[in-house]
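Worksheet for the structure shown next.
The values are calculated or read from the model by the stated rules, or taken from the named source; none is laboratory data. Not measured: the values here are computed from a predicted model. Neighbour counts run over all protein chains shown; Cβ positions are idealised from the backbone, glycine included.
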Amino acid sequence: MKKKLIVALVITASCFTIFQAGMKAGAAQATPGSSGDPLITQSYLESQLANMGSASYKKVSVAKGKTLKAGLGTEFMIYSGNGAVTGSGLVNLTSGEMFEKGMSAVMYSHYLAPASGCGVKASSNMIIFIKGSYTIE
């Protein structure tokens, strides 16, 4: 009985210490909507992407069944919808992986077209933020 009480007290004290250390490290200090808060609103994301200077991203809509073909070195992010990679593939700069033709493109990932004609074919209506040359076919 005495051992169980000691174990319970040690566990409680450990949990309290870990909680306090997290609070001191700032785990609960981020203001909602700030850069320290990972959950953001659509308007915040759009304003940040639209205000990135002279080489800013452009918001583009791609209808279901259409294909966005990017020029060499074009960067983009799929904001909504889904589609499959076309051409010779895309570099997913977020994960560091090469997405081959036919693979599903991942929303909110940053892509780079390593060659002209690479892109995505929309399997639903898509919104894409893009920087560089492109065509929609």
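Filter the stretch 97-133 down to the residues that are part of a strand (DSSP E or B) and hydrophobic (A, V, I, L, M, F, W, C) and list them by number. Scanning the stretch 97-133 gives M98, F99, L112, C118, V120, A122, M126, I127, I128, F129, I130.
Looking for something outside any loop (DSSP other than H, G, I, E, B) and at pLDDT 90 or above - is there at least one such residue anywhere in the stretch 43-50? The answer is no, given that none of the residues of the stretch 43-50 is outside any loop (DSSP other than H, G, I, E, B) and at pLDDT 90 or above. Pairs meeting the criteria (first residue in the stretch 49-70 and within 17 Å of G81 (Cα to Cα), second residue among the hydroxyl-bearing types (S, T, Y) and at pLDDT 70 or above, beta carbons under 7 Å, at least 6 apart or on different chains) are K64/S123; K64/S124; T67/T86; L68/Y134; K69/Y134; K69/T135.
If you filter the stretch 86-96 down to residues that are in a loop (DSSP other than H, G, I, E, B) and in contact with a Lys or Arg (Cβ under 8 Å, 6 or more places away or on another chain), you find that the one that is surrounded by the fewest Cβ atoms within 10 Å (Cβ to Cβ) is S88. Hey, could you check the stretch 72-85 for residues that are of a type in the set (A, V, I, L, M) and in a strand (DSSP E or B) and say which is surrounded by the fewest Cβ atoms within 10 Å (Cβ to Cβ)? Applying the filter and picking the extreme gives A84. Quick one: which residue in K59, K4, K69 is basic (K, R), modelled with pLDDT under 80 and either closer than 18 Å to K131 by Cβ or outside any loop (DSSP other than H, G, I, E, B) (or both)? When all the criteria are applied, what remains is K4.
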